[in-house]
Amino acid sequence: MRVGLFITCFNDALFPGTGEAVVTLLERLGHEVAFDPAQTCCGQLHWTTGYHREAAGLARRFAEVCTGLLSENDLVVTPSASCAAMVRQAYPQLVPDLAGASDTPDAADPDAWHENVYELSEFLVDVLGVTDVGAYFPHRVTYHPTCHSLRALGLGDRPLRLLRAVKGLDLVELPGADECCGFGGTFAMKNADVSVAIVADKIRHIRATTADVVCAVDNSCLTHIGGALSRLRSGVRVMHLAEILAETR
Amino acid sequence: MNARGPLGEWLAALRTADESPPTVPKFAVAARDALGDTQLRRNLRTATATMSRLRVTAAGELDDWAELRAAGQAIKDHTLLNLDTYLEELERSVTEAGGMVHWARDADDACAIVTGLVAATGQAEVVKVKSMVGQEIGLNDALEAAGIRPYETELAELIVQLGADRSTHSLLPAIHRSRAEIRELFLRELPDPPADLGDEPAQLAAAARGYLRDVFRTAKVAISGANFAVADTGTLVVLEAEGNGRMSVTLPETLITVIGIEKVVPTWSDLEVFLQLLPRSSVGERMTPYVSTWTGVAPGDGPRAFHLVLLDNGRTNALADEVGRAALRCIRCSACLDVCPVYERTGGAAYGPVHPGPIGAILTPQLRGPESPHDASLPYASTLCGACADVCPVRIDIPRILVHLRGKVIESRRRRPVPTPEMAMMRSVAWTLGDGGRYEAALRQTTRWARLVARGGRIQRLPGLFGKWTDARDLPAPPKESFRVRWQHRAGLPVRRGALGAPGGPRMGRLRRSSG
Amino acid sequence: MTDARGEILSRVRSALGEARGTQVKIPRDYHYRLVGEDVESRADVVALFSERVADTRATVRHVGADELGTAVAAALWGNGIRRLVVPADLPYGWLAELDGVDVSAESAATGFEALDGATGVVTGCAVAIAQTGTIVLDGGRAQGRRMLSLVPDYHLCVVHADQIVGAVPEAIERLDPYRPLTWISGPSVTSQIELERVEGVMHGPRTLNVLVVDEATAQL
């Protein structure tokens with residue numbers, strides 16, 4: 001299968017390793033990956049902060065790049081539930097002429113181009129039908145389901161099924177997993193005190209698992225959780241799902 | 001740090017961004033006290049967790065819960081789109097049943113109508129049933145100003161009133177108080193409190209009952225809210241647990257009910273949906289202990305005069321917003337409060353005097369307009385985690401409305417002659433991201449700068465708005481090469497295995513592969 | 001004051017603009033009756049009612065119609081009721097076995113003080129709902145005014161099995177909205193102090209007993 005990669009600006013700048021892991025993983029599974037460096041940002045930061053005119057400009061631009069990728073590939077995959085949700089669920093509101101206006105996600109047009117943007121674990125489990133990707137990662141790991149993966153995309157246990165199939169991996173359940181980490185984009189700065197109060201509880205739960213690694217499908221939330229773990233010098237590390245799945249013996 | 005170009009602009013903006021009012025939202029400031037209040041935090045944590053658990057059980061028991069929610073949503077949407085028709089029908093039905101209907105454009109109107117009605121009875125005391133709309137319009141203050149003494153009759157509202165306090169939670173207004181505090185309050189404020197009053201909730205509740213019994217004994221006028229008003233029959237519906245509602249709608253001679261215009265439902269049979277959704281969503285029970293319904297005046301039973309006050313107070317502003325109007329579906333169950341990670345830590349006070357929690361964050365700015373810095377900050381008092389939308393019995397997509405209202409807040413600022421620092425920054429970022437070349441240049445520049453301020457792969461201190469991040473959290477230093485750069489090099493280079501733990505990588509911990 | 005009514009209605013109309021009058025289709029795919037294997041027969045529905053009433057911390061007993069008088073007397077005696085107030089149209093048989101209790105029938109003149117002095121009340125009901133363990137009083141036969149079942153500390157409610165419906169929609173269908181209704185699901189409750197649940201100390205009767213008169217003999 002030919003897969004177009006939507007890296008996201010955040011990963012591009014801060015977490016190139018995640019992008020490399022996606023490429024490694026998909027190539028290992030026998031697929032071809034294409035990347036168009038014309039892509040910048042899907043507009044999520046501006047959209048959720050209320051700068052909708054600016055977000056619309058960025059969305060138009062990204063829609064062009066993305067449809068370009070889709071014309072040469074079977075579908076587009078991104079290692080970000082949040083950005084996938086932005087394109088699939090917010091674009092119809094933000095740029096209805098480009099992404100088919102619909103009032104609710106329920107009424108989305110399944111044939112619309114933006115429905116072909118997949119979050120990584122969706123692609124692996126739903127499209128490829130694999131859960132064992134041949135990974136090996138002998139560490140104690142806990143999984144935090146990010147809000148957008150859980151509630152916007154409804155990924156359910158897909159990431160967990162992938163993790164359970166990783167050889168050597170000791171998966172520990174995270175108490176209070178469903179609760180937000182307190183990131184929320186600009187919320188983390190506009191309401192920094194509340195944001196920190198929320199992540200403090202997330203950290204407490206993570207520490208209680210005695211896991212060495214916290215895994216998620218959004219590096220934005222992991223930056224928040226990891227930033228707090230790092231400040232506390234906890235020694236606990238955060239890793240994107242793709243990075244764990246890319247590891248082999 | 002002498003960067004020029006877009007980066008220089010961002011940095012300049014960053015340095016000042018948190019000094020201007022819009023980026024120091026009032027919510028953030030108001031929340032600080034709550035965050036440091038140990039008892040409030042403990043009580044809220046327990047209360048929200050308990051209530052959420054009860055709700056999950058109560059809703060999970062019905063295998064047609066999804067269908068009930070869909071029906072509830074549609075009934076409310078239909079009502080809102082035909083609101084003028086149903087209000088007129090409600091007025092007709094109530095009048096035919098012997099009630100009188102009054103219309104109030106705003107809080108002042110409503111307070112004037114209610115105080116006028118009480119004054120006409122010649123009474124100087126009224127019993128009140130907890131009503132959020134009463135709180136919204138500041139009814140108690142208005143009554144007192146008119147020389148009328150309001151008695152709150154719900155236990156928690158009584159505690160709040162005696163303590164000259166503010167409500168913390170729509171359903172549990174006094175949840176911030178400890179039993180010891182309540183005991184002291186009762187000993188100080190109640191006439192003839194039991195001398196041996198202990199601090200067991202049952203003893204405290206009994207003391208309140210004894211006091212309120214005397215109040216009810218002589219009450220001639222009651223003021224209530226209502227959960228629903230049925231247009232085709234003129235029926236008002238109140239759900240409650242303590243029985244003070246039954247007392248208030250039954251014993252006095254005059255009953256005055258104040259409701260927002262969005263409380264109307266078209267038909268009696270629509271209650272078959274809401275009397276399932278509301279008790280399970282609000283208190284996590286199959287039915288609240290008491291539900292009272294009345295239609296106008298019942299000969300020989302209950303009040304001889306019934307007045308219904310229909311309040312707008314900004315609801316038509318919300319109605320005019322195609323996206324925002326969905327907030328008017330709200331049936332005030334408070335389920336969204338208890339699942340909200342923000343509310344759980346701040347409680348209600350930070351949301352201001354009207355409606356707390358996620359629903360307050362979308363209702364209050366719409367009712368009052370986003371002009372005040374506090375109201376403009378409310379749509380930002382959310383991580384957009386979506387837990388509220390999942391639990392809402394009438395399926396209000398709160399995150400969507402929050403984002404929509406954020407858009408309105410920003411639009412209202414675009415008219416300013418000098419852009420806010422945040423706006424300058426966001427525009428500049430958008431301009432940069434709007435072009436591949438500009439983006440790559442900024443990426444290189446920012447990366448270089450960020451790596452300069454990093455120590456050991458961590459950034460621990462940043463200026464301006466980003467300082468709010470680094471106050472309590474590290475930021476990983478960006479790797480030297482972005483993904484796009486690595487991709488370009490990729491043709492000639494194998495993808496590095498084991499790169500994940502490489503020194504200088506973005507991660508803040510390291511893992512050694514275990515052998516074997 | 002200008003016409004607030006006209007102003008509000010015109011604000012509503014202009015707020016809705018072209019959307020005004022849109023008929024939204026309401027999907028009523030929820031259950032109108034109880035569904036499931038365990039509620040197929042009438043006996044199942046009645047059994048569910050008893051179970052759910054018990055969940056609300058009210059007590060419930062089943063009696064045959066011929067035992068009702070004895071059961072009422074036993075319940076009142078067991079709760080130490082000395083002064084009883086009843087609706088004027090309470091069936092005579094319900095109190096036939098009563099002894100040593102001062103019974104007064106409600107009249108238009110019965111006020112708060114008289115009711116506050118009574119220690120108990122016996123009523124029937126209009127409808128009962130199995131799914132929620134609810135009894136509904138509508139002021140009809142054997143129920144009296146709302147005040148009657150509100151002020152005394154003890155409430156004994158007699159429910160005939162054929163008054164029990166399965167689900168909330170059935171109750172709504174049976175009830176007359178023009179009568180003042182009181183839906184009762186257990187004794188009053190408050191959880192307002194540190195979320196500790198306290199039952200029966202607030203307003204309304206502290207104790208609610210329900211007697212279900214079983215169907216086979218409910219013809220009397």
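Every number here is computed from the coordinates shown, using simple stated rules; none is lab data. Source: prediction; values computed, not measured. Positions of Cβ are generated from backbone atoms using ideal geometry, with glycine treated the same way; all protein chains shown enter the neighbour counts.
Rank B:354, A:141, C:129 by how far each Cα sits towards the positive end of the charge dipole of the protein assembly as shown (+1 on Lys, Arg Cβ; -1 on Asp, Glu Cβ) and give me just the farthest.
The residue sitting farthest along the positive end of the dipole is A:141.
For region C:126-220, what proportion of DSSP beta bridges, expressed in % and rounded to the nearest 5, is antiparallel? Write out the running numbers ahead of the final one.
Details: 8 of 17 bridges.
Within region C:126-220, antiparallel bridges account for around 45 percent of the total.
Among A:237, A:231, which comes first, second and so on when ranked by fewest other beta-carbon atoms within 10 Å? Spell out each step's value before the answer.
Working: A:237 23, A:231 20.
Ascending number of Cβ neighbours within 10 Å: A:231, A:237.
Please work through chain B and write down the cysteines that have no neighbouring cysteine Cβ at a distance under 4.7 Å.
B:111, B:330, B:333, B:340, B:392
For chain A, which cysteines have no second Cys with its Cβ under 4.7 Å from theirs?
A:42, A:66, A:83, A:181, A:215, A:221
Please give me the summed charge of the neighbours of residue C:170: other residues whose Cβ is under 10 Å from its Cβ, Lys and Arg +1, Asp and Glu -1. Numbers along the way, then the final one.
Details: positive: C:33, C:174; negative: B:272, C:173.
Charge balance near residue C:170 sits at 0.
Once amide H atoms are built 1.01 Å from N in the peptide plane, which residues 5 or more positions from residue A:247, or in another chain, come under 5 Å H to H?
Here A:136 satisfy the definition.
Would you please give the residues with an amide H less than 5 Å from that of residue B:99, counting only those at least 5 places away or on a separate chain, with H modeled from the backbone geometry?
B:297
Based on the Cβ-Cβ distance from residue C:105 to residue B:178, what FRET efficiency comes out when R0 is 41 Å, to the nearest 0.05?
Computed FRET efficiency for residue C:105 and residue B:178: 0.30.
Using 15 Å as the cut-off for backbone N distance, which residues of region C:71-100 belong to the label zone defined by a point 7 Å from the Cα of residue C:214 along Cα→Cβ?
Within reach of a label on residue C:214: C:71.
Give me a comma-separated list of calculated 3J(HN,Hα) values for region A:213-227, in order, Karplus coefficients 6.51, -1.76, 1.60 applied at θ = phi - 60°, integers in Hz, x for any Gly or Pro.
Per residue, the Karplus-derived 3J(HN,Hα) values read 10, 9, 10, 7, 10, 9, 5, 5, 5, 5, 5, 5, 4, x, x Hz.
For residue A:74 and residue C:44, FRET efficiency with R0 = 56 Å and r from the beta-carbon atoms, rounded to 0.05? Before the final figure, lay out the partial values.
Numbers: r = 54 Å, r/R0 = 0.97.
It comes to 0.55.
Using the crude model of +1 on Lys and Arg Cβ and -1 on Asp and Glu Cβ, and no other charge, please compute the dipole size for the protein assembly as shown relative to its Cα centre, in debye to 20. Kindly include the intermediate steps, with their values, before the conclusion.
On the way: 104 positive and 119 negative charges, 1055 e Å.
Result for the protein assembly as shown is approximately 5060 debye, rounded to the nearest 20.
Students often check this: by mean Cβ neighbours within 10 Å, which of B:408-414, A:73-79 ranks highest, and how do the rest follow?
Ranking the peptides B:408-414, A:73-79 by packing returns A:73-79, B:408-414.
Residue by residue through region B:221-238, which ³J(HN,Hα) values in whole Hz follow from phi under the Karplus form 6.51 cos²θ - 1.76 cosθ + 1.60 (θ = phi - 60°), with glycine and proline marked x?
10, 10, 10, 10, x, 7, 7, 8, 10, 8, 5, 6, 10, x, 8, 9, 10, 10
For the protein assembly as shown, what is the percent of antiparallel DSSP beta bridges, rounded to the nearest 5? Walk me through the numbers on the way to the answer.
Details: 25 of 94 bridges.
Around 25 percent of the beta bridges assigned by DSSP in the protein assembly as shown are antiparallel ones.
Place a +1 charge on the Cβ of each Lys and Arg in chain A and a -1 charge on the Cβ of each Asp and Glu, then give the dipole magnitude about the Cα centre in debye, rounded to the nearest 20.
Details: 20 positive and 30 negative charges, 207 e Å.
Charge dipole, chain A, about its Cα centre: 1000 debye, nearest 20.
For region A:184-246, what class follows from the C-alpha gyration tensor (a ≥ b ≥ c being the square roots of its eigenvalues): rounded when a/c is under 1.5, otherwise prolate if a/b is larger than b/c, else oblate? Walk me through the numbers before you get to the answer.
Numbers: a/c = 2.32, a/b = 1.35, b/c = 1.72.
Because a/c hits 1.5 or more and a/b fails to exceed b/c, region A:184-246 counts as oblate.
Over chain B, what is the relative contact order in whole percent, taking alpha-carbon pairs under 8 Å and six or more residues apart? Working shown, then result.
Numbers: 828 pairs, mean separation 107.4, N = 516.
It rounds to 21 percent for chain B.
Send over the Kirkwood Rh of chain C, from the inverse of the averaged 1/r over different Cα pairs, rounded to one decimal Å.
Numbers: mean 1/r = 0.0514 Å⁻¹.
Hydrodynamic radius (Kirkwood, Cα pairs) of chain C is 19.4 Å.
Whole-Hz Karplus ³J(HN,Hα) for region B:87-92, in order, using 6.51 cos²θ - 1.76 cosθ + 1.60 and θ = phi - 60°, x for Gly and Pro?
For region B:87-92, the Karplus curve yields 5, 5, 5, 4, 4, 4 Hz.
At 222 nm, what value in deg cm²/dmol follows for chain B if DSSP H runs of at least 4 each add -39500 (n - 2.57) and the sum is divided by all its residues, to the nearest 500?
Numbers: 24 runs with 262 residues, N = 516.
My calculation for chain B gives -15500 deg cm²/dmol from helical runs alone.
Rank these for me by crowding, B:175, C:129, going from fewest to most other beta carbons within 10 Å. Show your work: numbers first, answer last.
Numbers: B:175 25, C:129 30.
Ranked by crowding around the Cβ, least crowded first: B:175, C:129.
Rounded to the nearest 500 deg cm²/dmol, what is the calculated helix-only ellipticity per residue at 222 nm for chain A, with -39500 (n - 2.57) per DSSP H run of length n ≥ 4? All intermediate terms of the calculation are to be shown ahead of the outcome.
Values: 12 runs with 107 residues, N = 249.
Theoretical 222 nm ellipticity from helices: -12000 deg cm²/dmol.
So, R0 is 35 Å and r is the distance between the beta-carbons of residue B:414 and residue B:39; what FRET efficiency does that work out to, to 0.05? Intermediate results must be reported in sequence, preceding the final value.
Values: r = 43 Å, r/R0 = 1.23.
Approximately 0.20, to the nearest 0.05.
So who's got an amide H within less than 5 Å of the one on residue B:265, skipping anything under 5 residues away but keeping other chains? H placed 1.01 Å off N, in plane.
The answer is B:229, B:230, B:231.
With the contact rule set at Cα under 8 Å and sequence spacing of 6 or more, what percent relative contact order holds for region B:378-492?
On the way: 62 pairs, mean separation 16.0, N = 115.
So the answer I get is 14 percent.
Please say if region A:35-194 is rounded, prolate or oblate, where rounded means a/c under 1.5 for a ≥ b ≥ c the square roots of the C-alpha gyration tensor eigenvalues, and otherwise the choice is prolate for a/b larger than b/c and oblate otherwise?
Details: a/c = 2.05, a/b = 1.33, b/c = 1.54.
Oblate is the answer for region A:35-194, as a/c is 1.5 or above yet b/c matches or exceeds a/b.
Let me have the 222 nm mean residue ellipticity of chain C computed from DSSP H runs of 4+ only, each contributing -39500 (n - 2.57), with the sum over all residues rounded to the nearest 500. Write down the numbers at each step before the final one.
On the way: 5 runs with 51 residues, N = 220.
Using -39500 (n - 2.57) per qualifying helix, the result is -7000 deg cm²/dmol.
Run the numbers on region B:151-251 and let me know its relative contact order in percent, using alpha-carbon pairs under 8 Å that are six or more apart. Could you put the intermediate results ahead of the total?
Numbers: 86 pairs, mean separation 19.3, N = 101.
Worked out over region B:151-251, it gives 19 percent.
Using unit Cβ charges (K, R positive; D, E negative) and no other charged atoms, how large, in debye to the nearest 20, is the dipole of region C:68-197 about its Cα centre? Spell out each step's value before the answer.
On the way: 8 positive and 15 negative charges, 19 e Å.
Value, rounded to 20: 100 debye.
In a shell of Cβ-Cβ distance under 12 Å around residue B:208, excluding residue B:208 itself, what net charge do Lys and Arg (+1) and Asp and Glu (-1) give?
On the way: positive: B:183, B:209, B:213; negative: B:152, B:154, B:157, B:189, B:214, B:242.
Summing Lys/Arg as +1 and Asp/Glu as -1 gives -3.
Work out Dmax and Rg for the protein assembly as shown from the C-alpha atoms and quote the Rg first, both in angstrom.
Values for the protein assembly as shown (Cα only, Rg and Dmax): 31.1, 104 Å.
Taking the dipole about the Cα centre of chain B, with the C-beta of Lys and Arg at +1 and of Asp and Glu at -1, give me whichever of B:193, B:423, B:218 is farthest to the positive side.
B:423
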